[in-house]
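Asker: Have a look at the structure that comes next, please.
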């Protein structure tokens, strides 16, 4: 066992590490798990269903994410909410349905409930490559996909990861902007075709 016995002076100027900078460069043929945010190692950014969508947006901006997992009082997954949900048709429809102004909407009004979330079982990712995840997201027109792990207790599962097309693009060296999803997928597909 190695014992630590000394401290070193901080070299200046020093920078703080940022999670986005910690992502390693990936290729389309790398294992899919290299581009997954592993929730067993990194805490998920969560919100409760009763919070306002304004609070959810501030939380997303502060955490640098575009998806929040919605957790209920029993610490179970109640749903998820994306940046697009906050500003898209879902919020407009909810405001009209509930007869409330946009800023009075809660996360529960616009989230996708857990019962409607489709996810990728972790066991299916054993031989999957980054290109497979990109293609799956493209086929389904999604920015994100959750990954689940069975607890071996009947139908109980744990959300253990998230794939994000933005993170994948970052790791592939392709700039992806949320408002340009089609262009982003086209850029990534161009990388796939070029290999």
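The values are calculated or read from the model by the stated rules, or taken from the named source; none is laboratory data. From a predicted model like this one, the values you see are computed outputs, not experimental measurements. Glycine gets a Cβ as well: all are built from the backbone with ideal geometry, and neighbour counts include every protein chain shown.
Asker: Among the strands (runs of 3 or more DSSP E) lying completely within the stretch 98-171, list those that include at least 3 residues that are touching a residue at least 60 places away in the same chain (Cβ under 8 Å) and within 15 Å of residue 38 (Cβ to Cβ).
Answerer: Working: elements: 119-121, 144-150, 157-164.
Filter on the stretch 98-171 gives 144-150, 157-164.
Asker: If you take the residues of the stretch 138-163 that are buried (at least 16 other Cβ atoms within 10 Å of the Cβ) and out of contact with any strand residue (DSSP E or B) (no Cβ under 6 Å at 6 or more places or on another chain), which of them is modelled with the lowest pLDDT?
Answerer: Selected residue: 138.
Asker: For residue 72, state whether it is touching a strand residue (DSSP E or B) at 6+ places or on another chain (Cβ under 6 Å), modelled with pLDDT of 90 or more, over 30 Å from residue 109 (Cβ atoms) and loosely packed, with under 15 Cβ neighbours inside 10 Å. Give the derivation first.
Answerer: On the way: touching a strand residue (DSSP E or B) at 6+ places or on another chain (Cβ under 6 Å): yes; modelled with pLDDT of 90 or more: yes; over 30 Å from residue 109 (Cβ atoms): no; loosely packed, with under 15 Cβ neighbours inside 10 Å: yes.
No: the conditions fail for residue 72.
Asker: Would you confirm whether or not the stretch 49-60 contains a residue that is within 19 Å of residue 146 (Cα to Cα), touching a residue at least 12 places away in the same chain (Cβ under 8 Å) and in a loop (DSSP other than H, G, I, E, B)?
Answerer: There is at least one residue in the stretch 49-60 that is within 19 Å of residue 146 (Cα to Cα), touching a residue at least 12 places away in the same chain (Cβ under 8 Å) and in a loop (DSSP other than H, G, I, E, B).
Asker: Quick check: anything in the stretch 86-105 loosely packed, with under 13 Cβ neighbours inside 10 Å and under 26 Å from residue 160 (Cβ atoms)?
Answerer: Checked against the condition, which is being loosely packed, with under 13 Cβ neighbours inside 10 Å and under 26 Å from residue 160 (Cβ atoms), the stretch 86-105 yields no hits at all.
Asker: Please go through the stretch 46-58 and give me each residue that is surrounded by 17 or more Cβ atoms within 10 Å (Cβ to Cβ) and over 11 Å from residue 104 (Cα atoms), ordered by number. Working first, answer last.
Answerer: Kept after step one, since they are surrounded by 17 or more Cβ atoms within 10 Å (Cβ to Cβ), are these residues of the stretch 46-58: 47, 49, 51, 53, 56.
Those that are surrounded by 17 or more Cβ atoms within 10 Å (Cβ to Cβ) and over 11 Å from residue 104 (Cα atoms): 47, 49, 56.
Asker: Taking residue 88 as the residue in question, decide whether it is under 25 Å from residue 140 (Cα atoms) and free of Cβ contacts under 8 Å to residues at least 12 places away in the same chain. Can you show your working first?
Answerer: Values: under 25 Å from residue 140 (Cα atoms): yes; free of Cβ contacts under 8 Å to residues at least 12 places away in the same chain: yes.
Taking the combined requirement at face value, the residue satisfies it.
Asker: So residue 82 fits all but one of (1) under 14 Å from residue 49 (Cβ atoms); (2) crowded, with 19+ Cβ neighbours inside 10 Å; what number is the exception?
Answerer: (1) is the only condition that residue 82 fails.
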